[in-house]
Amino acid sequence: MNLRIGVDVGGTNTDAVILDGKRVRASIKRPTSADVSSGIRVAIADLLAQADLAPDAIDSVMIGTTHFTNAFVQASGLARVAAIRIGFPASRSIPPFASWPARLRDNVRGFAAMIGGGFQFDGRTLGSLDEAGLRSLAREISDAGISEIAVSSVFAQVNAEHEQRAAAILREEIPGASITLSSEVGRIGLIERENAAIMNASLRPLATRVAAAFASALATLGIDAPFFVSQNDGTLMNASLMQRFPVLTFAAGPTNSLRGAYFLTGLGNALVVDIGGTTSDIGVLTDGFPRQSSMQVDIGGIRTNFRTPDILSIGLGGGSRVRALDGHVSIGPDSVGFRLLEEALVFGGRTLTATDVAVAAGYAAIGDRGAVADLDPGLLQSASSEIHRLLADGIDRMKTSAAPVPLILVGGGAALINQPLPGTSETIRPDDAGVANAVGAAIGQVGGEVDRIFHCGEGGRDRALDDARSLAIDAAIDAGAAPDSITIVTLEDLPLQYLPGGARRIVCRAVGDLATIGGHRG
C-alpha cells in the first residue's frame, strides 16, 4: 500500500486528499486560514480522521502552496538583495532593477553593480571576469549587511563558468552568503533571467521559514514521512531544493489542477478549466503535462522567464459578484473569495454571486435554494449567459487550432457551467473534480530540464539532442528521480538561423518517479 497525502493551498480553500495507489481514498476542503501552516495542519488532521488512518501509515506528503507568490506580489517578508551582473560594458544601458515597480524595488534592492566578464552566444569569452573588482564589491555588500546575492552573466545559458567562479569568490569574501545564479533558475534572455535570480534570492529566507513550518506541522501530527513541494512544471522538489529555488513554485496551483485532471480522466491531451472561488484558470494538457509558456511572464509588474505553465486566468469564480445595471449584467472580476460561505445569498449573506445564479437556475445544489427562489428569471438567464460567454472567450484564446478538443472541468466552481462551450468536443466532469488540485499534488513526479543554445559542430544535431537528453536526465536524478523510471516528456529543437555555426535552442525535460518511495517504470 502506497499512501500519499496531497495538499493544495489556494487563495480561497485548502484542499487535501489521500491517494491509495490510483484511488482517491479520502478528500477534504477547508477554508484557507491566514496562517497557512496551521491551515495545512488542520486539513491533514481532519483528512486522517475521515480516512481512519494513523499518521504512521502515510508514505509521503506533497504540498502545493501560494506562499511565495503572495509574498512577492504583496512585497511581504522579502529580503534585500545584492544584484551583480557580469558583462560590463555590454548591457550597461539597462542596469539591474531598472524596470521594477517602485514598491518592489524599494523592498528588494539592497545593492547593484556590473563588472566585466561574460560570454558570447557561441561560448567565446566576452571579456575576462573582473575578479579584483568582484572582491571589492563583495566587501561593500558585506559592510551593508546583505547576505542574499543574485549573480547573472551575459549568455550564462551557454556557459555558466563566470557565474560559478563569481559565486566561489563571493563565498570566500562573505562566508555564509546565500547566492542565486541566473543560469539555475532562468532561461534565455539576460534581463528576464536576472530578474528571476533576484526574485529567487529575495524569497530564500522566507523559504527557510516555510520549510521549517511545514516540517513542524507534520511533526505535530505525528507524520514522519518525507514532504515535497509542487513546482511550476507539474513535478516535485524536496524541502532542500524548495529553500534554494522558491521561485519555481509560483504557478504550482494551476499546474496541480491540470495534472489532477489528467490523473482523474486519463486524457493526456485536452483543455482544462479549474474554476475556483475567484478565478478560472485555463490550461492545456500535452501528453499529460501542462503546456509550458514560451513567452516572458509578468509577475507583480516584473518581466521574467523561469519555467511556467501556459495559463490564462480570468476573473470568474463561484464567489464572483453579479451586478445588473441598465439592462446589462456583469460577472466579477471582483469576488467575495473565501467569504463565500458568509456573503453569498444561498448561505444567508447579502451579496449576489455566480454560485447563487447556478443554484437558482437549478444546475447546482449547494446552500439554501429557497434563499434565491425570488430572483428575476430574466436576470438569471442574462447572468448564466455571461458566465458561459466569459469562459468561451477564454477557451478560444488558449486554443491553437479550430479543431474541437475535449474539455475537463475541475474545481469547486465547475458547477457554474451547464452548457456545451464552443470549440470543445465534449465536457468531462470527473469524480473528485472539486479536489483535482490536491490530487495533482499527490501524484507529482520529479523532473529535470535543460534549456540552452547548442552549437552543432562535430556530431551535428543528433549529438546536440543526445547531450540535451543526458543533461535533463542527470538533472532529474539529482532532483530525486529513480533512474529506471525516467522518460523524456519534452524535446523542443529550434534552429537559430540568425546565428552562425548551426546554433540551435534545445529544450529537453525528463520526468521520473520519486526514488525515495519506490519509484519504478510504470
Accessible area, probe 1.4 Å, largest first, for residues His455, His328: His328, His455
Solvent-accessible area, 1.4 Å probe, carbon plus sulfur percent, for the chain: 49 percent
Equivalent ellipsoid semi-axes, region 81-135, via Cα gyration tensor eigenvalues times 5, rooted, Å: 24, 13, 8
For region 88-176, the Rg and Dmax computed from alpha carbons only, in angstrom: 13.6, 38
Formal net charge of residues neighbouring Gly253 (Cβ-Cβ distance under 9 Å; K, R +1; D, E -1): -3
Heavy atoms of Leu471: accessible area, 1.4 Å probe, square angstrom to 10: 80 Å²
Theoretical ellipticity at 222 nm over the chain - DSSP helices of four or more residues, -39500 (n - 2.57) apiece, nearest 500: -10500 deg cm²/dmol
Full-extension gain in nm, Leu491 to Ala168, via 0.36 nm per residue minus C-alpha separation: 113.0 nm
Ranking by accessible area, most exposed first, for Lys399, Lys29 with a 1.4 Å probe: Lys29, Lys399
Heavy-atom accessible area per residue - region 259-384, 1.4 Å, Å²: 43 Å²
Per residue, in Å², the accessible surface of region 9-79 once ligands and nucleic acids are set aside, probe 1.4 Å: 40 Å²
Using θ = phi - 60° and Karplus 6.51 cos²θ - 1.76 cosθ + 1.60, couplings along region 167-178 (whole Hz; Gly, Pro as x): 4, 5, 5, 4, 5, 5, 7, 10, x, x, 4, 9
Accessible area in the full protein assembly, largest first, 1.4 Å probe, for Glu342, Glu194, Glu173: Glu342, Glu173, Glu194
Region 1-117 pair-distance distribution - Cα-Cα, 10 Å bins, rounded %: 12, 30, 19, 15, 16, 7, 0
Rounded, prolate or oblate (a/c below 1.5 giving rounded, otherwise prolate when a/b exceeds b/c) for region 300-355 by Cα gyration tensor: prolate
Extension gain, Glu140 back to Asp368 (0.36 nm per residue minus Cα-Cα distance, nm): 75.7 nm
Around Ala113: net Lys/Arg minus Asp/Glu count, Cβ-Cβ under 10 Å: 0
Karplus 3J(HN,Hα) series, Hz, for region 211-226 with 6.51 cos²θ - 1.76 cosθ + 1.60 (x for Gly, Pro): 4, 5, 5, 4, 4, 5, 4, 5, 5, 4, 7, x, 8, 9, 7, x
Debye log10 I(q)/I(0) for region 63-213, one point scatterer per Cα, at q = 0.14 Å⁻¹: -0.64
Karplus-derived 3J(HN,Hα), 6.51/-1.76/1.60, for each residue of region 280-288, Hz, glycine and proline x: 10, 9, 10, x, 10, 8, 10, 6, x
Cα-based Rg / Dmax (Å) for the chain: 24.2, 77
Spin-label model distance (nm) - Gln296 vs Ser313, 7 Å beyond Cα toward Cβ: 2.0 nm
Relative contact order of the chain, pairs being alpha-carbon contacts under 8 Å that are 6 or more residues apart, as %: 14 percent
P(r) weight above 19 Å for region 401-453, C-alpha pairs, percent: 49 percent
Gyration tensor verdict on region 112-154 (Cα atoms; rounded if a/c is under 1.5, prolate if a/b is larger than b/c, oblate otherwise): prolate
Relative contact order (percent, whole number), region 324-413, Cα cutoff 8 Å, 6+ residue spacing: 24 percent
Antiparallel DSSP beta bridges within the chain, percent to nearest 5: 60 percent
Net charge of Cβ neighbours under 15 Å - reference Leu379; Lys, Arg +1; Asp, Glu -1: -3
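The values are calculated or read from the model by the stated rules, or taken from the named source; none is laboratory data. The structure presented is a predicted model; accordingly, all values stated were derived computationally and were not measured. No Cβ is skipped: glycine too gets one built from the backbone with ideal geometry, and neighbour counts run over all protein chains shown. We work out accessible area using only protein heavy atoms, side chains counted, and drop any ligands, DNA or RNA first. Shrake-Rupley method; radii C 1.70, N 1.55, O 1.52, S 1.80 Å.
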